[in-house]
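The values are calculated or read from the model by the stated rules, or taken from the named source; none is laboratory data. Bear in mind the structure is a predicted one, so any value in this text is a computation, not a measurement. Here the Cβ is made from the backbone with ideal geometry for all residues, glycine too, and neighbour counts use every protein chain on show.
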Amino acid sequence: MSSPLAPGLYIVATPIGNLGDLSPRAASTLRDAALVLAEDKRVSAKLLALVGSKAPMRAYHDHSDERLRDQVLARLATDAVALVSDAGTPLISDPGYKLVRAARVAGLAVHTIPGPCAAVAALTLAGLPTDRFLFAGFLPAKAKARADSIAELAALRASLIFYESGPRLADTLAALAAGLGNRDAAVVREISKLHEETVTAPLAELADRYAAAAPRGEIVIVVAPPSEAEAATDSTLDEALRAAMATQSISRAAAEVAARLDVPRKRAYARALELGAGG
């Protein structure tokens, strides 16, 4: 049966929890599409059944190769193809941007069916500045790579948004506190579900809270922007240097901390040497 939708790629946002958040337009697109590309067909099959869609599905995820992408591009010339992720807006920390880029290059139509996005939903719940923000996805699992990534974001005057899993949450919060300072933050989980929860506190306090018991569910961390530069106290400088020196050389740690805390590099380096010598 030919699709009543115009040929092209349809990026369809799906619920992140409450199924009532699926828009009527998203539901009709999933019913009328000739093909649905799903991150996990088992997950998406439940949603398609809910809306009465009988569209065939193909798996499309991070491990999909170029041959599949070429096959999809050929299909887009004559059929409507819907792209969905397991939950939320496709392409946001999910596969798909290469397909969109290839479709654009080929001159094929690309449409978005907007809807739920966990990152933006968490930002609205956090009670932190919303005028400027950066979505940073998942931080690296290894300590040094994670610290390096955090250091790159430290000076950015914007709220920072991260995705995280329950077992890694406490370590990530502690790393953020070490790399960014003890900023105000929010841990938001199970958005739009029965056990939705938003906990706000300074990063170090949140790290302690979740070290005792890892929470379940989908988790978003929102961190406040840096405050206006203030003279760093000796204790603040020492805390930041110790954290940085755990994963970096003395000179690199001193340079990073000096830039982040807006203190003279000579002061930071001299104190780093003292700490390194057991001072």
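I'd like the full set of residues that are more than 16 Å from ALA175 (Cα to Cα) and modelled with pLDDT of 65 or more, limited to the range 226-236. Can you show your working first?
First, the residues of the range 226-236 that are more than 16 Å from ALA175 (Cα to Cα): 227-235.
Once the filter is applied, which keeps residues that are more than 16 Å from ALA175 (Cα to Cα) and modelled with pLDDT of 65 or more, the range 226-236 yields SER227, ALA232, THR233, ASP234, SER235.
Taking first residues from the range 192-211 that are within 16 Å of LEU125 (Cβ to Cβ) and modelled with pLDDT under 95 and partners that are among the basic types (Lys, Arg) and crowded, with 16+ Cβ neighbours inside 10 Å, the Cβ contacts under 9 Å between residues at least 6 apart in sequence or on separate chains come to HIS195/ARG189.
Looking at ALA82, ALA55, which one is crowded, with 17+ Cβ neighbours inside 10 Å, aliphatic (A, V, I, L, M) and part of a strand (DSSP E or B)? Even if it seems obvious, please write down each step before you answer.
Values: ALA55 fails: part of a strand (DSSP E or B).
None of the other options fit; the residue is ALA82.
Answer yes or no: is there a residue in the range 76-84 that is on the phi > 0 side of the Ramachandran plot and out of contact with any Gly (no Cβ under 7 Å at 6 or more places or on another chain).
no
Selection of first residues in the range 249-261 that are under 11 Å from LEU273 (Cα atoms) and of second residues that are of a type in the set (Ser, Thr, Tyr), restricted to Cβ pairs under 6 Å at least 6 apart or on distinct chains, gives the following pairs, ordered by first then second residue: ALA254/TYR269. Screening the range 141-157 for residues that are under 15 Å from the mean Cα position of the chain (by Cα) and surrounded by 13 or more Cβ atoms within 10 Å (Cβ to Cβ) and picking the one that is farthest from ARG216 (Cα to Cα) gives LEU153.
Of all positions in the range 85-98, none carries a residue that is of a type in the set (Phe, Trp, Tyr), over 27 Å from VAL199 (Cα atoms) and either in contact with a strand residue (DSSP E or B) (Cβ under 7 Å, 6 or more places away or on another chain) or in a loop (DSSP other than H, G, I, E, B) (or both). Taking helices (runs of 4 or more DSSP H) as the structural unit, those lying wholly within the range 163-250 and holding at least 2 residues that are under 22 Å from the mean Cα position of the chain (by Cα) and surrounded by 19 or more Cβ atoms within 10 Å (Cβ to Cβ) correspond to 166-180, 203-212. Just a yes or no: is a residue in the range 11-21 in contact (Cβ under 8 Å) with a residue 24 or more places away in the chain, surrounded by fewer than 16 Cβ atoms within 10 Å (Cβ to Cβ), not charged (D, E, K, R) and not in a strand (DSSP E or B)? There is at least one residue in the range 11-21 that is in contact (Cβ under 8 Å) with a residue 24 or more places away in the chain, surrounded by fewer than 16 Cβ atoms within 10 Å (Cβ to Cβ), not charged (D, E, K, R) and not in a strand (DSSP E or B). Applying the criterion of being of a type outside the set (A, V, I, L, M) and at pLDDT 95 or above to the residues of the range 23-40, the residue that is surrounded by the fewest Cβ atoms within 10 Å (Cβ to Cβ) is PRO24.
Does ALA136 meet the test of being outside the structural domain of THR29 (by TED's automatic domain parsing), over 14 Å from the mean Cα position of the chain (by Cα) and at negative phi? When the stated conditions are applied, ALA136 does not pass them.
In the range 65-95, how many are under 21 Å from the mean Cα position of the chain (by Cα) and either at pLDDT below 90 or farther than 30 Å from ILE191 by Cα (or both)? Total meeting the criteria: 3. Here ALA102, ALA126, ALA121, ALA87 are screened, and the one residue that is surrounded by 15 or more Cβ atoms within 10 Å (Cβ to Cβ), in contact with a helix residue (DSSP H, G or I) (Cβ under 8 Å, 6 or more places away or on another chain) and in contact (Cβ under 8 Å) with a residue 40 or more places away in the chain is ALA87. Selection of the range 193-250 for residues being within 21 Å of LYS142 (Cα to Cα) and either polar (S, T, N, Q) or touching a Phe, Trp or Tyr at 6+ places or on another chain (Cβ under 9 Å) (or both) yields GLU218, ILE219, VAL220, ILE221, VAL222, VAL223, THR247, GLN248, SER249, ILE250.
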